[in-house]
Amino acid sequence: MVIRNYQKRFLILFLIVMIIGMLAVVLFFTFVKSPSSKAKAAVEEFYAYEQDGNFAESWKMFHPFMKERLEKNQYIEDRVQALFNDNGVHTFSFTVDDPELIKNWQVDEDSEPIEEVYKTEVRQFFEGIFGNFEIVQSVYVTSLDGEWTVLWDYNESEDFLKMDEN
């Protein structure tokens, strides 16, 4: 009889420890994200703002280099015109690939290298008056003072240079 009470207590204690352990693991993976997953979440947030037509909020997520290059009001106006008005589009859907870490990346050939960025491919799908189309763009994100910021690539591509030669 004494052994049975001991076994019951041990079993209850063991179950409590296992439940607490499983909760700790779930909480850890819920609240502690990798830099790569944070980078992807930032890109998803940026394009969700764009999808909603909230270009002022997406502009706020730009890296300071981008904010210098694209003045806020002009960005909002041009983005609406290019994405929606010119093509008769009301909204779009998008996908974001898993990011890869790149070291010492430059926005353009004249800029200072950024120590670490995450590169991802974003695909935007549109249905417009000229038919369905897709834009595929490499998007870069980096953590700046604890905030994830978005960058676009302004380096000349080899494909563009080849087209320019013809």
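The values are calculated or read from the model by the stated rules, or taken from the named source; none is laboratory data. Just so we're clear, the structure is a prediction, and the values are computed from it rather than from any experiment. Every residue, glycine as well, gets a Cβ built from its backbone with ideal geometry; the counts of neighbours run over all protein chains shown.
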Quiz item: Say we look at region 101-141 and pick out the residues that are in contact with a helix residue (DSSP H, G or I) (Cβ under 8 Å, 6 or more places away or on another chain) and hydroxyl-bearing (Ser, Thr, Tyr); which of these is nearest to SER34 (Cα to Cα)?
Solution: TYR118
Quiz item: Does LEU101 fit the bill of being among the hydrophobic types (A, V, I, L, M, F, W, C) and outside any strand (DSSP E or B)?
Solution: no
Self-check item: Selection from region 48-94 of residues that are over 16 Å from the mean Cα position of the chain (by Cα), within 19 Å of THR149 (Cα to Cα) and of a type in the set (A, V, I, L, M, F, W, C)
Solution: ALA56, PHE65, LEU70, ILE76
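Can you name every one of the helices (runs of 4 or more DSSP H) wholly within region 1-84 that holds 2 or more residues which are at pLDDT 95 or above?
Passing ranges, in order: 35-51, 55-60, 64-69, 72-80.
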Quiz item: Going by the conditions given, is SER111 part of a loop (DSSP other than H, G, I, E, B), in contact (Cβ under 8 Å) with a residue 24 or more places away in the chain and in the same structural domain as TRP148 (by TED's automatic domain parsing)?
Solution: yes
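Is there a residue in region 2-22 that is surrounded by 15 or more Cβ atoms within 10 Å (Cβ to Cβ) and hydroxyl-bearing (Ser, Thr, Tyr)? Give the steps one after another, and end with the answer.
Within region 2-22, the first condition is being surrounded by 15 or more Cβ atoms within 10 Å (Cβ to Cβ), and the residues that meet it are none.
No.
Is it the case, given these coordinates, that VAL122 is under 19 Å from TYR154 (Cβ atoms), part of a helix (DSSP H, G or I), touching a residue at least 60 places away in the same chain (Cβ under 8 Å) and not hydroxyl-bearing (Ser, Thr, Tyr)?
Numbers: under 19 Å from TYR154 (Cβ atoms): yes; part of a helix (DSSP H, G or I): no; touching a residue at least 60 places away in the same chain (Cβ under 8 Å): yes; not hydroxyl-bearing (Ser, Thr, Tyr): yes.
The answer is no for VAL122.
Quick one: is GLU134 assigned by TED's automatic domain parsing to the domain that holds GLN81, charged (D, E, K, R), more than 21 Å from ARG69 (Cα to Cα) and part of a strand (DSSP E or B)?
Numbers: assigned by TED's automatic domain parsing to the domain that holds GLN81: yes; charged (D, E, K, R): yes; more than 21 Å from ARG69 (Cα to Cα): yes; part of a strand (DSSP E or B): yes.
Judged against the criteria, GLU134 is a match.
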Quiz item: Does VAL80 fit the bill of being aliphatic (A, V, I, L, M), under 22 Å from PHE126 (Cβ atoms) and surrounded by 15 or more Cβ atoms within 10 Å (Cβ to Cβ)?
Solution: no
